[in-house]
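Structure first, then comments.
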Amino acid sequence: MIKKNHPFVVVVTMLLLAITSCAPESSPMDTIEKEGTFIVHRRQSPIGEESYEIRTTKDSIIVTSLQGENERGRVTGVVSELRLTKDLEPVYYSSKRISNDTTNILEVEKTGPNEITIWEKHYDKITKEVASHFFPLHSNIPAGIEMMLYHYYFKLGQKSLPTFPRGEVTVTHTGKDTVTIGGAQKILDRYVTTGINWGGRTVWLDESKNLVALVKANTQIREMIRNEYEEALPTFIQGNVMEQMAQLSEYTDNLKGPEYPVIALVGGDVVDGVSDTVKEDMTIIVEEGKIVEIGKREAVKVSKGAKVIDVTGKTLIPGLWDMHAHSNQVQWAPAYLAGGVTTIRDNGNELEFATAFRDAIAKEGALGPDILLAGMTDGPGIKGNGVVRARSEEEAKEVVALYHKNGYKQIKIYTSIEPGVLKVLAKEAHKVGMTLTGHVPAALGNAIPAVESGMDMLSHYNRILTPLFPGKDVSDLGTYFMAENEITDEQIDKAIAFYLKHGTVLDPTLGLGAVRTMPKGDKMESIEPDAGRMAYELFEGKRFRSGLGEARAKKSMDNFLKSAEVIGKFYKAGIPVVAGTDNFAPGFGLFLEIETYQKYGGLTPLEAIKTATIIPATAMGMGDVTGSLEVGKEADIAILDKNPLEDIDNIRSVSSVMTNGNYYESEALWIAADFKPNRDQ
């Protein structure tokens, strides 16, 4: 837990006092907490705290919140204020990020009886008509202010409550949990709230409807726990898993159609993922989830009773792989399938949720892509990531045993792992048939000693490219070391030889690199054309990226282009390169990744597709069972309206998918995941 005397918490507390020092005297409020603190967790590891205070004036209630975090060494702060009438009607909300150039996240003000003014980051102020009851919020609304939402919601007694800038909130009671706090038992009500973050968040309220805890996701799992309830964290973790699995079950019931022993996909053009030819007007016969025959339409006999699906004019390719996923909530399941993604490698998640998600799909037939797990592991210190730490040789052995026991395929190495511990992790993992993937530890500074210490796979092109400079530490090379240095053929050849010698698999996350070149003022749609179709709350933070200044944007783009070119040469030399999104967005992020390899890495469309099909399947030891459309393999199939070998952008035309013996139409999946459907399909 972050201590009260933690230096950043002291700064936050002083700022909160400064903000509220001129406030009028408080008056008693029987049902609302007057002040409190929530501990902020990321993947169950405490990274900061939020202090809030509620005070009253003659005719209003004022809630102030100050949230400070030190997340992997990145210190941030957010100051927020909510003003309400004595009847709990919101009249003003402001949330700003504290920095040298303090930036607005959201500001909402009631400017008339039926009128509000909204100012979102990077957008002009707009005026909207408003119903008599509403609540202002965004996906990262502070817990102290979210608590007022629940007081207002239950006071109104409505089934839903309109929110601004958009949408509505629903709060559904799902159960009661008994927790032991300080030796005494307390009963809390568990709810699922929709309309704040993408999907639902699990919340716990006490008998006075005060917020006690919440677990939310979007692109990472976070827990906000009232400080006096910290010891009940395992109950909150498990409660969220339970609610997530209930939502996955609902998706499955609503979207998974009848299962057929035999399915015939008739009349499509087949890109098998191995040869560079398109086989036209083909039929694929699938029995019990496996491909048993592929042939010309007129040559293949479809058995009586088979489910016949006409795919005339469409192009069938192997189901796609995302090799750098962080699927922190079950909404990723329908969204991934909608984009033709049939397998993901989760590169770091909470063990309880990740294993439940994986097992529901693999063992219970739930809707979703197959999930392979890499267990997040980091070293000591404030820059550490997550709750699982290997700070000694003994802890390294315990970590490997933990993940192996839970069926993980890999150990995910993060930046704070120390060199000696890395070697133990590698040795212990290899003993039990697991491999190591992830970041080059900061203490090593270069990918060469990381690979020599036993890492089998590496993530992120900025670290992957450090063998171009043997003996150099990435921290000394600088952020834009590719743009600022001449890269010779000799350097490239030596790096290629090193990686080929060790059989290293590379996970460059190039698409994410493209996103990070976005100039200030540009909208995300300039890089990701389907950004406007994504679930708004999922993409809220990324859509509102501040972008880079003109000089930095140019240097960043130069660095990215040079990096992509070298990664392309690595691929051409035979080094396994796999596509991964690093949690950018399900489906669309992988499309962007594949397109980036072709457009900037010099790969052919088929080569780019292979980074998300047969190459990752082979890298994970599954190339003999999936990854290409061949007889005897699993029927993991993405069905596209257009041929991606003619234009790589056609990879976005996925209209249906097959996996685990089930056939799904993409449009229904997109809608279920709260994405806008592709109207071009």
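The values are calculated or read from the model by the stated rules, or taken from the named source; none is laboratory data. What you see is a predicted model; the values in this text were computed from it and never measured. Positions of Cβ are generated from backbone atoms using ideal geometry, with glycine treated the same way; all protein chains shown enter the neighbour counts.
Observations on the structure shown:
- Checked against (1) crowded, with 24+ Cβ neighbours inside 10 Å; (2) touching a helix residue (DSSP H, G or I) at 6+ places or on another chain (Cβ under 9 Å); (3) not in a loop (DSSP other than H, G, I, E, B), Met658 passes all but a single condition, namely (2).
- When restricted to residues that are more than 26 Å from the chain's Cα centre (by Cα) and at positive phi, region 455-508 contains 3.
- Those residues of region 668-681 which are in a helix (DSSP H, G or I) and either in contact (Cβ under 8 Å) with a residue 24 or more places away in the chain or buried (at least 18 other Cβ atoms within 10 Å of the Cβ) (or both), in sequence order: Ala668, Leu669, Trp670, Ala672
- Filter pass, Ala497 being out of contact with any strand residue (DSSP E or B) (no Cβ under 7 Å at 6 or more places or on another chain) and either within 30 Å of Phe675 (Cα to Cα) or in contact (Cβ under 8 Å) with a residue 40 or more places away in the chain (or both): no
- Of the candidates Gly365, Gly420, Gly348, the single residue that is more than 30 Å from Asp281 (Cα to Cα), of a type outside the set (A, V, I, L, M) and at pLDDT below 95 is Gly348.
- Boolean, Glu243 is of a type in the set (Asp, Glu), part of a helix (DSSP H, G or I), touching a residue at least 60 places away in the same chain (Cβ under 8 Å) and in contact with a Ser or Thr (Cβ under 8 Å, 6 or more places away or on another chain): yes
- If you go through region 437-482 and pick out every residue that is out of contact with any Leu (no Cβ under 7 Å at 6 or more places or on another chain), among the small types (Gly, Ala, Ser) and assigned to a helix (DSSP H, G or I), you end up with 1.
- If you go through region 118-132 and keep only what is closer than 13 Å to Tyr92 by Cα and either exposed (fewer than 15 other Cβ atoms within 10 Å of the Cβ) or not β-branched (Val, Ile, Thr) (or both), you end up with just Trp119.
- Helices (runs of 4 or more DSSP H) lying entirely in region 324-419 (those with 1 or more residues that are closer than 30 Å to Glu665 by Cα): 332-338, 351-364
- Residue match in region 397-406 (condition: farther than 23 Å from Asp582 by Cβ, among the β-branched types (Val, Ile, Thr), touching a helix residue (DSSP H, G or I) at 6+ places or on another chain (Cβ under 6 Å) and surrounded by 17 or more Cβ atoms within 10 Å (Cβ to Cβ)): yes
- Which listed residue, of Ile47, Ile54, is within 29 Å of Ala131 (Cα to Cα) and either in the same structural domain as Thr219 (by TED's automatic domain parsing) or crowded, with 18+ Cβ neighbours inside 10 Å (or both): Ile54
- Restricting attention to region 407-448, the residues being under 23 Å from the mean Cα position of the chain (by Cα), among the charged types (D, E, K, R) and under 27 Å from Gly478 (Cβ atoms) number 1.
- When restricted to residues that are more than 25 Å from Ala333 (Cβ to Cβ), hydrophobic (A, V, I, L, M, F, W, C) and surrounded by fewer than 24 Cβ atoms within 10 Å (Cβ to Cβ), region 356-396 contains 1.
- Tally of residues being surrounded by fewer than 13 Cβ atoms within 10 Å (Cβ to Cβ) and modelled with pLDDT of 95 or more across region 484-496: 4
- Answer from Ile263, Ile284 - the residue that is at pLDDT 95 or above, within 16 Å of Asn662 (Cα to Cα) and touching a Phe, Trp or Tyr at 6+ places or on another chain (Cβ under 7 Å): Ile263
- For the residues Ala333, Ala360, the requirement of being farther than 19 Å from Arg43 by Cβ, under 17 Å from the mean Cα position of the chain (by Cα) and assigned by TED's automatic domain parsing to the domain that holds Asp507 singles out Ala333.
- Number of positions in region 149-178 that are part of a helix (DSSP H, G or I) and in contact (Cβ under 8 Å) with a residue 24 or more places away in the chain: 5
- Region 447-461: number of residues that are farther than 21 Å from His404 by Cα and surrounded by fewer than 22 Cβ atoms within 10 Å (Cβ to Cβ): 4
- Val266 passes every criterion in (1) surrounded by fewer than 18 Cβ atoms within 10 Å (Cβ to Cβ); (2) touching a helix residue (DSSP H, G or I) at 6+ places or on another chain (Cβ under 7 Å); (3) not in a helix (DSSP H, G or I) apart from (1).
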